[in-house]
Amino acid sequence: MKQTKIAIIGAGGLTGKELTKLIAHHPGFELVHVTSNQVDGKHIREVFPDLSHLPDLKFQKHDAPVPKDAGVVLATPNEVSLDKAPQFLKEGRKVIDLSGTFRLHNQTKFEKVYQFPHTEFGLMDQVVFGLPELFREKLKNANFVSNPGCYATSAILPIALLGNLRKDIQGPVIVDAKSGVSGAGGRTEEIKFAYTNVYENFRAYKILTHQHEPEMEEYGFIGTEEKEILFTPHLLPIYRGILATIYISFPKGMDPKQVEENFQVAAAKEPFVRLYQTPEEVEIRKVQNTNFLDLGFRIKGNTLVIVSALDNLVKGAAGQALQNLNLMYGYPETEGLVTL
């Protein structure tokens, strides 16, 4: 079987490493190019000695030529994606961007939360938001995909899967989420994310200023009136995983059967959504190293509380990227993801 060539720009980071592992074990994809300005010239097996079945490749710089006919995944900082995505699209390549650069359709909101000017905003007409549960058919024909954020996925999916019940939501929706260091900033060597600062500690950060908040607002309410979301992220003293608690108010008491039916329909047709009978059953350890999003809920009066969990490096990043690559290139959506 002829394999599809894939290049990962920024493969030396945490998300890039995770995607490298997934691509290396996928029967339909061939990893032909990896870049990292930090470990340029080193063999991939030297950089990732804990991974098996890696190809015979050396890391190159971001500006190195990419092999012909290779699709590109950008696991790069926002400004790098802004520079690289247009170049690869002009070359006629399929591109998935894991940064936040091409997620928001409101340029003013983007520049406020990301704090740099977006000079390629015309490309927003081409991009498809890479959440298969919402945009599966568009992704099958997409050439340019913006992968969702990890926190954003943990909130967007539970809200969106409420379906027509969303029209009665009274804002604001409260999203209280906790992440391991690999999702909260572990891509850098900033001291505040170092082991000594997370061990035996727990804290909130980027309160009401996190870049995933407007992303949740834009995509959680697709097809209905957008509601305000108030998002507070917290940093857990663990490596991977996100647990989100979502508080949603309605004008009157809700029928739990309606909510359960909507979630059951989603869980029945979506390969990576799992519904639990109680929110207490949703735990980070059940989703670590998987592409699942788990959820459970409870209703008290006119308040719906949903608890969701996912692995920020898999369903929140690299796994979702592979899910999107499968759709873009015509492979089974679950290929390479059901037995991680």
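The values are calculated or read from the model by the stated rules, or taken from the named source; none is laboratory data. Remember, predicted model here, so these are calculated numbers, not experimental data. Cβ coordinates were reconstructed from backbone atoms using ideal geometry, including for glycine residues, and neighbour counts include every protein chain displayed. Quick note on the areas: whole protein, heavy atoms, side chains included, nothing else; ligands and nucleic acids left out. Shrake-Rupley method; radii C 1.70, N 1.55, O 1.52, S 1.80 Å.
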- Counting only strands (runs of 3 or more DSSP E) wholly inside the range 193-290, the ones holding at least 2 residues that are of a type in the set (Ser, Thr, Tyr) are 242-249
- Query: Quick one: would you say ILE248 is in contact with a Gly (Cβ under 8 Å, 6 or more places away or on another chain) and either open to solvent by 40 Å² or more (accessible area, probe 1.4 Å) or at pLDDT 95 or above (or both)?
  - Reply: no
- Could you say whether any residue in the range 271-284 is in contact with a Ser or Thr (Cβ under 6 Å, 6 or more places away or on another chain) and among the aliphatic types (A, V, I, L, M)? no
- Positions within the range 329-340 being within 18 Å of the chain's Cα centre (by Cα), surrounded by fewer than 16 Cβ atoms within 10 Å (Cβ to Cβ) and at pLDDT 95 or above, in sequence order: THR334
- Exclusive hit being under 20 Å from the mean Cα position of the chain (by Cα) and more than 24 Å from GLY183 (Cβ to Cβ), set GLY10, GLY71, GLY16, GLY41: GLY71
- Scan LEU161, LEU165, LEU134 and give me the residue that is within 15 Å of the chain's Cα centre (by Cα), open to solvent by 10 Å² or more (accessible area, probe 1.4 Å) and among the hydrophobic types (A, V, I, L, M, F, W, C). LEU134
- Assuming GLY10 fulfils every condition listed in (1) open to solvent by 30 Å² or more (accessible area, probe 1.4 Å); (2) within 19 Å of VAL145 (Cβ to Cβ); (3) in contact with a helix residue (DSSP H, G or I) (Cβ under 9 Å, 6 or more places away or on another chain) apart from one, which condition is it? (1)
- Query: What about GLU137, is it over 19 Å from PHE221 (Cβ atoms), acidic (Asp, Glu) and in a helix (DSSP H, G or I)?
  - Reply: yes
- Query: Is there a residue in the range 69-89 that is at pLDDT 95 or above, among the charged types (D, E, K, R) and open to solvent by less than 40 Å² (accessible area, probe 1.4 Å)?
  - Reply: yes
- Note on the structure: Of the conditions (1) at pLDDT 95 or above; (2) touching a Gly at 6+ places or on another chain (Cβ under 8 Å); (3) farther than 30 Å from LEU162 by Cα, the single one that ARG103 does not satisfy is (3)
- So how many residues does the range 38-63 have that are open to solvent by 100 Å² or more (accessible area, probe 1.4 Å), within 12 Å of LYS21 (Cα to Cα) and touching a helix residue (DSSP H, G or I) at 6+ places or on another chain (Cβ under 8 Å)? 1
- Within the range 288-328, the count of residues that are more than 30 Å from GLN170 (Cα to Cα) and surrounded by fewer than 16 Cβ atoms within 10 Å (Cβ to Cβ) comes to 1
- Message: Return the pair list, or none, for Cβ contacts closer than 6 Å from residues in the range 118-146 that are without any contact (Cβ under 8 Å) to a residue 40 or more places away in the chain to residues that are assigned to a loop (DSSP other than H, G, I, E, B), at least 6 apart or on different chains.
- Response: MET124/HIS105; VAL127/PHE102; VAL128/ALA142
- Item | Every residue from the range 172-182 that is in contact with a strand residue (DSSP E or B) (Cβ under 8 Å, 6 or more places away or on another chain) and not charged (D, E, K, R) | PRO172, VAL173, ILE174, VAL175, ALA177, SER179, GLY180, VAL181
